[in-house]
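Chemist: Dropping the structure in here first, questions after.
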Number of protein chains: 2
Amino acid sequence: MKLSKLFTKTKKQISQEEKSINAQLLERAGFISKEMAGVYNYLPLGLLMLKKVENIIREEINAIGGQEVLMPTLTSIESYKITKRDKIDVLFKTKLHTGSEFVLNQSHEEVVTPLVQRYANSYKDLPVYVYQIQNKFRNEPRAKSGLLRGREFIMKDLYSFHQDEKDFNEYYEKAKEVYKKIFKRLGYGDKTYITYASGGTFSKYSHEFQTLCQTGEDEIYLCEKCKIAVNKEIIDEQNKCPECGNDKLVQKKAIEVGNIFPLKTKFSESFKLTYKDKDGKDKPVIMGCYGIGLSRQIGTIVELFHDEDGMILPESVAPFKYHIVQLTNNNKQLTEIIKNLGEENCLIDDREVSAGQKFADADLMGMPYRVVISAKTLEKDSVEIKKRDEYKSELLKIDNLKNF
Amino acid sequence: MKLSKLFTKTKKQISQEEKSINAQLLERAGFISKEMAGVYNYLPLGLLMLKKVENIIREEINAIGGQEVLMPTLTSIESYKITKRDKIDVLFKTKLHTGSEFVLNQSHEEVVTPLVQRYANSYKDLPVYVYQIQNKFRNEPRAKSGLLRGREFIMKDLYSFHQDEKDFNEYYEKAKEVYKKIFKRLGYGDKTYITYASGGTFSKYSHEFQTLCQTGEDEIYLCEKCKIAVNKEIIDEQNKCPECGNDKLVQKKAIEVGNIFPLKTKFSESFKLTYKDKDGKDKPVIMGCYGIGLSRQIGTIVELFHDEDGMILPESVAPFKYHIVQLTNNNKQLTEIIKNLGEENCLIDDREVSAGQKFADADLMGMPYRVVISAKTLEKDSVEIKKRDEYKSELLKIDNLKNF
């Protein structure tokens, strides 16, 4: 992609009212643009990054049998009355001309439970794993953390349906492992801890995935032996490590990057979702839900990986692997270089601006490798290549770029 | 994909209140499931079909320079006051806890105009072509046509921004050609006519793409010489072919599958979107918009291509090319057959149900080719292959399937 063709531009400064580092850098780099607090436009580079995150999550959820669907935003308030969630604070509501009231879904238990009920009625139909990657809406009173807390945001939500607790527990453990793998691929597996959190009225615990980060909104208590944490919300009742009993837990700031929740029979009972077992007896379906906010991952990546000059994006999610700083117009060699690096991997700064601005924008935009092409490097049939987070650059022969 | 693993099931009948053929067949085949009138869940097969439609549209819009973004659903009512569209009937509205009112976007001129304004201020920045594939919300009083008229539906909306009418007109003609190409690839180019329609208060005409179909909600007047039509809404003022003057226009039923609209300066004036020309003078930006409803294309495909047994999907959009009717458990040969046909092309009916039900479901689901594998065909190292819309089947050697 050529920067000269992109309709967005980098900015040295944006509105003072945007306090969060992630929104500041993403907006300055032209990845996103604010619509209102907690609601953002994804611009071409931001959308490419979102798709990379999406593909990693989709691959991993497919690997544990997830079947992808797409559920709607609008659902009748009647479904929320059934689960007694029609009065919760975060619901956005709207109305038809007839006056019937609708909810903008903030999560999809009220949709997926009746949906699965239409197809799964016997033990032969279970288990079922259904997920989507879709917009969620939450009427947040404060939405000041950029992509970390949205009023409108993109989420992967997976729901599982089982015959019994044993089958559910096995899948729940599988989901834990796949979540670890996702955060590893996104670049912060080593900073992310399974954290015991409240299980609501129907389970003892749920589990969050908390990524250590100074600017995180959450507070967790970490067992450094087990690499397991306890969320502040339950630390009074659970002040020791739930795995080894260690009571020297260390307080840390963190971002909740994912959560998994044993729903047990909460929603299946509300909607009377039962199945016939082998003996023809009706039994309630056991459910679990598993969420990851995609936009929040992008916010997290930027909070974790940046310096004073801009973002430092992991290769797995960067819109492009190479940021080409083009300081010459030798088209023949340029074409060869881009071919060797793979066109789809290259963001090419071919703008008519100063070399200084090109270097500054490369740092701001944060692609993993900066590749400088100048008359000087071409004299040696070479390019100058530098990792975004290292100082040292090296000259590499154009012919050798193929195997880089 | 194995049918035995899919959580959805085909149904012989669905609710009587669903009148439209497209929703009936798609729901019976397990492609969609109704949430409420005009709001549907896309199930795994339906989502695969949606992605195929999406990819065709994306490829073609990228080919005319479209830059993909993702704009939000929620926008402040204040933006709609600026364009005086805050009172239009089809708007869904919602509120923050503070009482501030928001619109669920039914189209995105109120978002994209200020967005482009943040980046394009000089003639050097123009033209700009921005599009997205995203949800739209319309508070339709009647939504009885399945996927043809949704309250929540998926749309590709492209917006173009130009220095002058000449540049706009050139792009508008390019968009016409690319739209023709899209409908051709979707399978109904030959049934689709450019149709003159009202241009609103700011242009003489807009142009619709109308696909001839008995169950369409629109009425058009066709010039059979020019393959051009006039929409009923303007037939009183334009009762001759706008191209050749022919006054023997033929009345037809049709579905509006796309529309393109010269917005001229309507929105750029509202938002004061101007640019500095070469002489430093401020001039208003000329805009166009170009829409295609993705969910409506799926509805159209089914309305056009079906028989009494089910859907007959064009290869370009069918979730799978082959529907494998597996009537034997010879795993070795099965594996070879699927490998030869390409696993990603095969929907495999491995369920433990009668052959009769498998044949009926293959017809209902409408994949382009039915491939029967039975002890009898395997005796001859063959499979029986039949096009969905033909009666004749033929035996093909397993070895030859690679080149099919």
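Chemist: Rounded to whole Hz and in sequence order, give me ³J(HN,Hα) for the stretch B:244-259 from the Karplus expression 6.51 cos²θ - 1.76 cosθ + 1.60, θ = phi - 60°, writing x for Gly and Pro.
Modeler: 10, x, 3, 9, 9, 7, 9, 6, 9, 8, 7, 10, 6, 9, x, 8
Chemist: Next question, about the same structure. Can you list, shortest first and in nm, the gaps between the label point of A:VAL353 and those of its counterparts in the other copies, using a point 7 Å from Cα in the C-beta direction?
Modeler: 5.9
Chemist: Something else: Per the Kirkwood formula on distinct C-alpha pairs, the Rh of the protein assembly as shown is how many angstrom?
Modeler: Radius from the Kirkwood sum: 28.9 Å.
Chemist: Report the relative contact order of chain A, percent, no decimals, based on alpha-carbon pairs under 8 angstrom and at least 6 residues apart.
Modeler: 16 percent
Chemist: Rounded to the nearest 0.05, what FRET efficiency do A:GLU173 and B:GLN333 give with R0 = 30 Å and r taken as the Cβ-Cβ distance? Could you check?
Modeler: 0.20
Chemist: Right, next: At B:GLY280, with labels set 7 Å past Cα in the Cβ direction, how many nm apart are the copies from this one, shortest first?
Modeler: Ordered by distance, the counterparts are at 9.2 nm.
Chemist: If you don't mind, there's one more thing I want to ask. Report, for the stretch B:320-403, the % of DSSP beta bridges that are antiparallel, rounded to 5.
Modeler: Of all bridge pairs located within the stretch B:320-403, approximately 50 percent are antiparallel.
Chemist: Please order A:THR377, A:THR300 by the number of other Cβ within 10 Å, starting at the fewest.
Modeler: Ascending number of Cβ neighbours within 10 Å: A:THR377, A:THR300.
Chemist: Would you please classify the overall shape of the stretch A:1-134 from the alpha carbon gyration tensor, given that a ≥ b ≥ c denote the square roots of the eigenvalues, rounded means a/c under 1.5, and beyond that prolate means a/b larger than b/c while oblate covers the rest?
Modeler: Taking the square roots of the gyration eigenvalues as a ≥ b ≥ c, the stretch A:1-134 is oblate.
Chemist: Which of B:ARG142, B:ARG296 has the fewest other C-beta atoms within 10 Å, and how do the rest follow up to the most?
Modeler: Taking fewest neighbouring Cβ atoms as first place, the list is B:ARG142, B:ARG296.
Chemist: Further question on the same structure: Any chance you could give the angle, 0 to 90 degrees and rounded to 10, that helix A:355-365 forms with the longest Cα principal axis of chain A?
Modeler: Roughly 10 degrees between the two axes.
Chemist: Shifting gears a bit: Per DSSP H run of n ≥ 4, the term is -39500 (n - 2.57); total these for chain B, divide by its residue number, and report the mean residue ellipticity at 222 nm rounded to 500 deg cm²/dmol.
Modeler: -8000 deg cm²/dmol
Chemist: Against the longest principal axis of chain B, how steep is helix B:331-341, in degrees 0 to 90 to the nearest 10, with axes from Cα atoms?
Modeler: So the helix axis and the longest Cα principal axis differ by about 30 degrees.
Chemist: List the trypsin sites (Lys or Arg not before Pro) within the stretch B:303-397 that fall in a DSSP loop (any state other than H, G, I, E or B) and whose Cβ has at most 12 other Cβ atoms within 10 Å.
Modeler: B:LYS380, B:LYS392
Chemist: A follow-up question, please. Hand me the trypsin sites (Lys or Arg not before Pro) from the stretch B:1-65 located in a DSSP loop with no more than 12 other Cβ atoms within 10 Å, in residue order please.
Modeler: Sites meeting the loop and neighbour criteria: B:LYS12, B:LYS19.
Chemist: May I ask for the longest run of chain B untouched by GluC sites (Glu not before Pro) that are loop-located per DSSP and have at most 15 neighbouring C-beta atoms (other than their own) within 10 Å?
Modeler: B:18-216
Chemist: Kindly express, to the nearest 10 degrees and within the range 0 to 90, the angle between helix A:44-63's C-alpha long axis and the longest C-alpha principal axis of chain A.
Modeler: The answer is roughly 50 degrees.
Chemist: Once the label point is set 7 Å along the Cα-to-beta-carbon vector, what list of distances in nm do you get between B:ASP389 and its counterparts in the other copies?
Modeler: Sorted ascending, the copy-to-copy spacings read 5.5 nm.
Chemist: Please list, short to long, the whole-number percent of alpha-carbon pairs of the stretch A:14-307 in consecutive 10 angstrom bins beginning at zero.
Modeler: 6, 26, 34, 25, 8, 1, 0
Chemist: Suppose we keep just the DSSP beta bridges with both residues in the protein assembly as shown; what percent of those would be antiparallel, to 5?
Modeler: Here the share of antiparallel DSSP bridges comes out near 80 percent.
Chemist: Apply the Karplus parameterisation 6.51 cos²θ - 1.76 cosθ + 1.60, with θ equal to phi minus 60°, to every residue of the stretch B:9-18 and state each ³J(HN,Hα) to the nearest whole Hz, in sequence, with x for glycine and proline.
Modeler: 9, 6, 10, 6, 9, 10, 3, 4, 6, 7
Chemist: If you take every residue apart from A:LYS253 with its C-beta less than 11 Å away from the C-beta of A:LYS253, what net charge results, scoring Lys and Arg +1 and Asp and Glu -1?
Modeler: -2
Chemist: Beyond 22 Å, how much of the Cα-Cα pair distribution for the stretch B:257-404 remains, as a whole percent?
Modeler: 55 percent
Chemist: Starting from the Cα gyration tensor of the stretch A:320-403, multiply each eigenvalue by 5, take the square root, and state the resulting semi-axes largest first in whole Å.
Modeler: Equivalent ellipsoid of the stretch A:320-403: 17, 14, 13 Å, largest first.
Chemist: Chain A: which residue's Cβ hugs the A-to-B rotation axis most tightly, distance rounded to whole Å?
Modeler: Here the value is A:THR94, 2.
Read the figures in this text as sums done on the coordinates, not as results from a lab. As the structure is a prediction and not an experimental result, all values here were calculated from the model. FYI the Cβ positions are ideal-geometry reconstructions off the backbone, even for glycines, and counts take in every protein chain you see.
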